[in-house]
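Below you'll find the structure, written out as structure tokens, and then a few comments.
Quick note: the coordinates plus some simple rules give every number you see, no bench work behind them. Just so it is clear, the structure is predicted and the values come from calculations on it, not from any experiment. Cβ placement follows ideal geometry from the backbone for every residue including glycine, while neighbour counts extend to all protein chains displayed.
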Amino acid sequence: MEKRTQVKIETTMGEIVVELYNETPKHRDNFIKLAKEGVYDSTLFHRVIRQFMIQAGDPESKNAADTAHLGSGDVGYTIPAEFVPKFFHKKGALAAARMGDDVNPERASSGCQFYIVTGRKFRESQLLDMAGQKNNARMDTIFNQLARKHMKEIYKLKKANDQDALLELQDSLEAQAYAIYKEEEPFMFTPEQLSAYSTIGGAPHLDGAYTVFGQVVSGMETVEKIEGTKTGKADRPVENVRILKATVLE
């Protein structure tokens with residue numbers, strides 16, 4: 001197997017070492033570049049949610065006031081999504097944060113913000129239900145995207161109270177959405193995902209929507225310590241948890 005690059009993240013609560021996947025080269029190379037340039041040094045873990053994840057990498061967090069709302073800082077570019085099915089949101093996964101689907105339908109990643117999954121365990125029946133919900137949500141997203149292209153027409157028909165034409169248009173858009181949806185592979189959890197999520201846990205609802213580009217190889221106890229810190233408004237830790245230095249291990 002091709003050697004993987006590791007990055008040591010020194011924090012005020014201990015060290016974390018992550019390994020970057022070669023199969024996600026754009027995210028790997030960008031993370032290495034930012035670490036070498038010192039972009040992550042002095043940034044905060046600005047969003048921490050128990051049984052979910054810890055998030056960092058906002059450049060605006062370096063000198064932020066205690067009351068500042070963080071999470072919107074960036075480095076002026078995004079990274080194209082690199083979804084690799086075998087890499088998923090199990091506990092310890094390193095993944096890229098991003099803007100929501102409504103303004104980011106391509107699901108491009110933030111150029112700098114990342115999170116490490118802590119998550120929780122799920123029963124297999126819960127996971128199967130979740131897969132169904134993800135597919136339904138995808139269908140709804142496609143329908144809504146099509147509907148937005150017909151907003152003027154919909155507005156006119158509503159103004160004219162033409163219910164028959166509205167229903168006809170809705171049927172047409174639903175048929176188009178279904179045709180587009182059927183061209184894609186429906187979301188299904190693999191046996192590996194089902195096993196991992198039911199034993200070590202994770203955040204399965206994020207699979208297929210956010211790029212996973214690495215994993216924690218040591219220091220998970222530090223991740224869990226950060227996860228357990230007390231948080232306030234917008235899930236920001238009450239006492240700052242800071243990345244002191246990110247170092248690429250050659």
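General observations
- For the chain, modelled as a GNM whose springs connect Cα atoms under 10 angstrom apart, the maximal fluctuation among 197, 155, 21 occurs at 155.
- Assuming charge only on the beta carbon of Lys and Arg (+1) and of Asp and Glu (-1), the dipole of the chain about its Cα centre is about 500 debye to the nearest 20.
- Of the two radii for the chain, the radius of gyration is 1.04 times the Kirkwood radius, both from the alpha carbons; that is the Rg over Rh value.
- Among 235, 171, sorting on how many other beta-carbon atoms sit within 10 Å of each Cβ, with the fewest leading, yields 171, 235.
- Quick note on the stretch 1-47: its Rg to Rh ratio, both from C-alpha atoms and Rh being the Kirkwood radius, is 0.99.
- Look at the alpha carbon pairs under 8 Å that are at least 6 residues apart: their mean separation over the length of the stretch 107-207 gives a relative contact order of 55 percent.
- All alpha carbon pair distances within the stretch 125-183 were sorted into 5 Å bins beginning at 0; the resulting P(r) in whole percents reads 4, 18, 22, 19, 14, 11, 7, 4, 2, 0.
- The ranking of 72, 42, 110 by Cβ neighbour count inside 10 Å, starting from the fewest, reads 72, 42, 110.
- Debye log10 I(q)/I(0) at q = 0.11, 0.12, 0.26 Å⁻¹ for the stretch 178-250, Cα point scatterers: -0.51, -0.59, -1.31
- Hydrodynamic radius (Kirkwood) for the stretch 115-250, which is based on Cα pairs only, to one decimal in Å: 19.2 Å
- Residues in the stretch 200-214 that a label on residue 231 would reach, taking backbone N under 17 Å of a point 7 Å out along Cα→Cβ: 202-206
- Full extension of the chain between residue 68 and residue 239 gives 60.2 nm of extra length, using 0.36 nm per residue less the Cα-Cα distance.
- Violating pairs (Cα-Cα greater than 22 angstrom) within the set 33/225; 33/134; 62/245; 3/121; 225/245: 33/225; 33/134; 3/121
- The 3J(HN,Hα) values that the Karplus relation (6.51, -1.76, 1.60; θ = phi - 60°) gives for the stretch 108-119 are, in residue order, 5, 7, 4, x, 9, 7, 9, 9, 10, 7, 10, x Hz. Gly and Pro appear as x.
- Value of [θ]222 nm, deg cm²/dmol, for the chain, DSSP H segments ≥ 4, -39500 (n - 2.57) each, nearest 500: -11000 deg cm²/dmol
- Percent of Cα pairs exceeding the 19 Å cut-off, where the set is the stretch 21-108: 47 percent
- For the stretch 209-250, the fraction of alpha-carbon pairs lying more than 15 Å apart is 61 percent, rounded to a whole number.
- Largest mean-square fluctuation among 193, 170, 55, in a Gaussian network model of the chain whose springs join Cα atoms under 10 Å apart, belongs to 170.
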